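Undergrad: Shown below is the structure under consideration.
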Amino acid sequence: MNGIDISSYQAELNAGIVPSDFVFIKATEGTKYINPTWKEQAGQVTQANKLLGFYHFASIGNPIAEADFFISVVKDYIGKAVLVLDFEAGAINAWGNVGARQFLNRVKEKTGINPMIYMSAEVTRQFNWSTISTSNALWVAQYASMSPTGYQSAPWADGKGYGAWSSAAIHQYSSSGSLANWDGHLDLNLAYINSTQWKTLAGGGSASNSTPTNETKKNIENEDNEMFFIQTFDTKRIYQINAGMYSLISNSGMWANYYKAFPNTPVIPLYQSELEKMYRKNV
């Protein structure tokens, strides 16, 4: 999926008509700033039936206070939009990974949802993120250049990895994007998750995006009689569960064939760690 992220710099942008599958909107910064255009643009996104997300730009204040402020502003969208901590600039030195974890944990405590975290590829390798990498999906920023570009299906990455994350859920690859219905530059993003996984990250009516939903539990309980697939957020692996047996679908061509052969079979988004917990073994 292709998408953009916007702030008050794009105050005149109509998020409903600029081509995108999803839109992230800056909602808050610190403990006082609220983006004056966030509500209007959120309405444009939802009216256009696009996927929605909100991010909080971390300042240098108390992480828990900033989390509380963020939640107080976007509270009406809890469970409907993906929540994100934008971890960059001064917060890198002021908070470090400890402060970022405090923010993320506070959001989880108050909403039941694990937010995503946004950072540069360099910052993924600057700190040890192992305590959150299995619960909080990564939105990574890494650019090949500052040249104008449209959407890309395979953006450049330096190949050095993302620290504790085996892969990113979303890659922001340009701040010089050029799209129809907007004359200025845009941040462009490629999501490696589908719309179902997005909704699960947003909450999807479940207690937590890293906890099996009731539907998942039902399928697991009836696995002797039913077939389904589990598609992992973090490792980007797909497993076929059939009659109590499971196997890895190892490449995209194989997955395409399976999905064509069994189009009505449920595809359940999950974290690898939760899959391992359910089966009590490494898969």
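Undergrad: Among the listed pairs K32/K236; K26/K260; K110/K260; K32/K80, which have their C-alpha atoms separated by more than 30 angstrom in this model?
TA: On the way: K32/K236 37 Å; K26/K260 38 Å; K110/K260 41 Å; K32/K80 24 Å.
Going by Cα-Cα distance, K32/K236; K26/K260; K110/K260 fall outside the 30 Å limit.
Undergrad: Would you kindly find the accessible area of Y33, with a 1.4 Å probe and non-protein molecules such as ligands, DNA and RNA excluded, rounding to the nearest 10 Å²?
TA: Approximately 80 Å² of Y33 is accessible to the 1.4 Å probe.
Undergrad: While we're on this one: Spin-label point model (7 Å from Cα, Cβ direction): what's the A48 to I60 distance in nm?
TA: Each label point is offset 7 Å from its Cα along the Cβ direction, giving 3.6 nm.
Undergrad: For T232, what accessible area in Å² do you get when you roll a 1.4 Å probe over the heavy atoms of the protein chains, rounding to the nearest 10?
TA: 0 Å²
Undergrad: In addition: Over all Cα pairs of segment 1-64, how is the pair count split among 5 Å bins, expressed in % and running from 0 up to the last occupied bin?
TA: 4, 19, 30, 21, 12, 8, 5, 1
Undergrad: Starting from the Cα of Q126, step 7 Å along the direction of its Cβ; do the same at S8; then give the gap between the two resulting points in nm.
TA: 2.5 nm
Undergrad: Accessible area, 1.4 Å probe, largest first: how do M227, M146 sort? Write down the numbers at each step before the final one.
TA: On the way: M227 40, M146 120 Å².
Heavy-atom accessible area, descending, gives M146, M227.
Undergrad: Once label points are set 7 Å from the Cα along Cα→Cβ at both S247 and S147, what is their separation, rounded to one decimal in nm?
TA: 4.4 nm
Undergrad: Looking at the chain, what % of its DSSP beta bridges pair antiparallel, to the nearest 5?
TA: Roughly 40 percent of the beta bridges in the chain run antiparallel, per DSSP.
Undergrad: Going by alpha carbons, how many degrees (0 to 90, nearest 10) lie between the helix axis of 96-111 and the longest principal axis of the chain?
TA: 70 degrees
Undergrad: Which label marks the calculated value of log10 I(q)/I(0) by the Debye sum over Cα atoms at q = 0.11, 0.12, 0.13 Å⁻¹, given the options (1) -0.64, -0.76, -0.90; (2) -0.71, -0.85, -0.99; (3) -0.86, -0.96, -1.07?
TA: Evaluating log10 I(q)/I(0) by the Debye sum over Cα atoms at q = 0.11, 0.12, 0.13 Å⁻¹ on these atoms matches (1).
The values are calculated or read from the model by the stated rules, or taken from the named source; none is laboratory data. Every value quoted in this text rests on a predicted model; they were computed, and no experiment measured them. Note that each Cβ is placed from the backbone with ideal geometry, even for glycine, and that neighbours are counted across all protein chains shown. Areas reflect the complete protein model, heavy atoms only, side chains present, ligands, DNA and RNA absent. Shrake-Rupley method; radii C 1.70, N 1.55, O 1.52, S 1.80 Å.
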